[in-house]
Structure formats: C-alpha cells, structure tokens
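First comes the structure, then the notes that go with it.
Readers should treat all values here as calculations from the given coordinates under stated rules, not as data from a laboratory. Keep in mind that what you see is a predicted model, and the values were worked out from it rather than measured. Here Cβ is always computed from backbone atoms with ideal geometry, including for glycine, and neighbour counts include all displayed protein chains.
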Amino acid sequence: MPQYHLSNSNSDKNLFIGLLVLILWLPMPLGSNRPWAWVIMEVWILSLSLFWLWHFYRGRVKLTPVFYRAKYILILWSLWLIYITFQCFPLPYSYIQWLSPETAHLYPFATPDDLLTLSLEPYTTSVSLLKSVCYVLLFTLTLLLVNQRKRLRWLAYTLVLSGLFQAIYGSAMTLSNLEYGFFHQKIYYLGVATGTFINRNHLAGYLEMCLAVGIGLLISQLGDFRQTTWRQRVRSLLVWLMSNKMQLRLSLIIMVIALVLTHSRMGNTAFFASLMIAGIIGLILSKHAPRAIAILFISIIVIDILIVGTWFGVEKVVQRLEDTHFMTESRDDVNIYNLAYWQDYLWTGSGLGSFYSTFPRYQGFDVKGFYNHAHNDYMEFAVETGIIGLLLLASIVTLSLGTALMALYRRREPLCRGMAFSAVMGIIAILIHSSVDFNLQIPANAATFMVILALAWVAGFLPSHAISNR
C-alpha cells in the first residue's frame, strides 16, 4: 500500500476555516432555499474548490488517504453527475422515443431529427445539476480538508454550534411569541419552532443531524466505567456530570427542546428511532465502553423525554401522531398519484427538479393545492431520475452507511468511533424522515447530509498517525 504524508504547511487552513463558516451559514438564510441563497452557497463551494486546486497545483497540499479510500464512492458521484447532465443534454427525437416513450409522446409533431431532452424542464434540471456539482464538491472538500484529528473535532463542534444556534433562536421565538424567522415576521407555522427555516420539518431534519453529531462527540469523550464497585462507578459518573462535557450535554438538551417545539411528528420519531437503532448497533459492534454508552443512551431517553419533553410540549407531538389518519393525510394520496407518474418515467425519470411542473398532470381532484415537492424524498428522486438515478443514490448512501458501521466495529480511536456513530445515526434519521418529507430538497439540509456522509469515510479511514500527531 502506498505511503501518504500530510503536508507540513497550513496552506489549506484558511480553506478549512472557510468550510466551517459555510456550514454555519447554510441554514441561516431560510435553509438556503431561495435562488439568491443557493447561489451564495454555490459560489462559496466553487471558490473553496478552486482555491484548493490552486494550492494543489502549487504543491502546497496533497490528496489525503481518506480521498484515495473513498475513490469508489467518488466514482458513483461522478456517474450521478454524468447522468443528470445526460438528462438535460439535447438528443435526437428517435433516441428519446427509445429511452423515454412518454417524453416523446408529449411532442407529437417532432421529427426524427429534432433535438429534445429527457428532462421535461431542462433549465430546472441544469439548475439542479449545478447544485449537485456543489454538493459533490462539498463532500470531496470534507474528505480533503478534514485530515487531522483536531479538524475532525472542529467540524463536529461547528455542526453542534450551528444546531445549538438554530435551537436557541427557534425556541426563543416560539416561547416569547415574537415569531420571527430570518429577518422577517413568520406567516406560517406560528406557535412552533422553525429557527431560520420556513418549514418546521426542515428545522427538525437539520436538528436530527446536528444531534447525531453531538451524541457522537459525547460518546468519544466517555470513559469505560469499568470500576470494580458501584461506588466507584457512581463517583466516575458524577465526575463526568460535573465536567466540561456537561456543556455539550446541555447543548444537546436545548436542541431536543427545540426539536420537541417543532411539533414535527416524523422529526421527533426519526430522532428517537435513529438513536435507539444506532445505540443498539453501537452496543453490538463496539468493543469498548459498552456500559458507558448504555448509561448515556438511558440518560438521553429519560431526561429528554420524561423531563424536557413534559415541560416543553412532547404531549402535543404525541397528540399529532395519534390524530394522524390516512383519511386526513393528503400526502398518501399524492404518493398514489406519484406511482402513475413514476410508471410513465420508470427508468430515466422526467428530469431532476421537474416534479413541480409534471405532477399536476397526474394530480387528482381530491388532492387540493400546488405541490412543488412530493413530501417523500424517495418518490421525488424516483419520478425525477428514474430507477437509474435511484439506484445510484441508494448505492452511495448504502456504501457510506456500511463504511460507518465498519468504522464503528474496527476503529479503536474514540473520536473516530464517535463520528462513525454520528454518521450511522444521522443517515438513519434522514432515511426515516425522508419517507414523509423533502429534507433533501432543501440546500442546507442536503449539504449537511453530504457532510454526514463524508464523516463516515473520515471516521473510517483517517490515518492513525495523523490522529496521534495532530
């Protein structure tokens, strides 16, 4: 195996700082879900990428071991970008007839020599392609810039800090009845926490990922509690409770308060379900400190549900879950009509980003209103990119989750194990939440999810010598 050496210079230090500031900025302007906001995101990421390439050309930085070990997933990401480019690339009408008969059917007067695109909205697909390029670059920058233990820790604390700000701001606006979002007075979702997002479910999705990272950090700081007597174990636990680690624990409690205040049914369900699933997996795979991890999980469940939840309205979330019924949920009807939509564009989709203009053709009279998203990330990617796109994305997420699980089992360094747990929990949380919402269509949440996926690879392959020497 070739030997890789980290650069002794700090040429990429400013780039890493720029990455951290970007992570803090992304959720601020309405989740970056406005054209001007995602343009800022794109310019920011492209600038960081170009500056890194300049440093690489000058020999100031090198490709990292993590980058080399992630080559297969980078190939998959490249195939995804090529595929989306293919969707908005002009093709002869005869090719369209073969690849997507339903698309060809929409152009009855086209001749075999006419050039058309697989996407029904080529401009929107090109906009989505540029976003995808930036998401992949963000994933790659994380692999390249998080090359030291202290940087991995800084990245994790930055995500926790960002989640903490959103939690404090969202909770303060709700509890004080000021009801302001990002420099504007809220019109929708009054009485629930939204932070600087528009939709409470998107704040919930963001907090799920930040909480996962925070819990992973907390796990990385745990002792093994392997004292011989209960008195020693209690003493060790009390020392931990009185240490600086409690600041992180309090931050997690504040984020849970905000998550409860969103009254997001699936947001809260996804968080606690992912915590329990990842916790059980962690206890099974971890060779170190299982008792400490078990104590942490029990404390989170007891304190956050019984105490925090009781004071800040968890019963309202439970009531919303109890009141949920198939007859009152229009999302289920939308999914039924989406099945017919998907059947028409089964393999190649209607074009990434084209849902808003294509779905009205399939929308039944019993579904009122305009749907710019499917309220189901799986279904939206399926109808827009077909089976081909869905398989590519599924392969990427599965491979990253598998890498995180492998790191959780094999790595001995506490920080890497903690971040592996964060990746497992964060991925599971979004996979659950995506079944009823569209978090991955929100730039801030999609970009943060890319960082979580990259964390799996950093946790799995950050070299031990880099960890011990930095």
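List the pairs from 13/245; 13/131; 131/186; 71/131; 62/245 whose alpha-carbon separation is above 32 Å, in the order I gave them.
Pairs exceeding 32 Å: 62/245.
When 337, 135 are ordered from fewest to most other Cβ atoms inside 10 Å of their Cβ, what list results?
With the fewest neighbours first, 337, 135 line up as 337, 135.
I want to check the label-to-label distance for residue 333 and residue 97. Put each point 7 Å from Cα in the C-beta direction and report it in nm to one decimal.
Placing both labels 7 Å beyond Cα along the Cβ direction yields 3.9 nm.
Using the Cβ atoms and a cut-off under 13 Å, what net charge is assigned to the surroundings of residue 80, where Lys and Arg are +1 and Asp and Glu are -1?
Result for the neighbourhood of residue 80: 0.
Which of the trypsin sites (Lys or Arg not before Pro) found in segment 54-89 are loop residues per DSSP with 12 or fewer other Cβ atoms within 10 Å of their Cβ?
Sparse-neighbourhood loop trypsin sites (Lys or Arg not before Pro): 58.
Classify segment 20-141 from the C-alpha gyration tensor, please: rounded if a/c falls under 1.5, else prolate or oblate depending on whether a/b exceeds b/c.
Judged from the Cα gyration tensor, segment 20-141 comes out prolate (a/c at least 1.5, a/b above b/c).
Given charges of +1 on the Cβ of Lys and Arg and -1 on the Cβ of Asp and Glu, with all other atoms neutral, how large is the dipole of segment 36-170 about its Cα centre, in debye to the nearest 20?
Rounded to the nearest 20 debye, it is 1360 debye.
Rounded, prolate or oblate: which fits segment 80-207, taking a ≥ b ≥ c as square roots of the Cα gyration tensor eigenvalues, rounded meaning a/c under 1.5, else prolate when a/b beats b/c?
oblate
Looking at segment 361-470, which chymotrypsin sites (Phe, Trp or Tyr not before Pro) are in a loop (DSSP not H, G, I, E or B) and have at most 11 other Cβ atoms within 10 Å?
Listed in order of number, the matching sites are 365, 370.
When the chain is fully extended, how far beyond the present Cα-Cα distance does residue 356 get from residue 89, taking 0.36 nm per residue of separation?
94.1 nm is the gain from fully extending residue 356 to residue 89.
Quote the FRET efficiency, to the nearest 0.05, computed for residue 180 versus residue 81 with a Förster distance R0 of 30 Å and r equal to the Cβ-Cβ distance.
FRET efficiency, residue 180 to residue 81: 0.20.
Using 7 Å Cα-to-Cβ label points, what is the residue 21/residue 46 separation (nm, one decimal)?
Placing both labels 7 Å along Cα→Cβ, they lie 1.9 nm apart.
Give me D for segment 358-439 in µm² s⁻¹, whole number, from Stokes-Einstein with Rh from the Kirkwood sum over alpha-carbon pairs, 37 °C and 0.692 mPa s.
In µm²/s, the coefficient rounds to 221.
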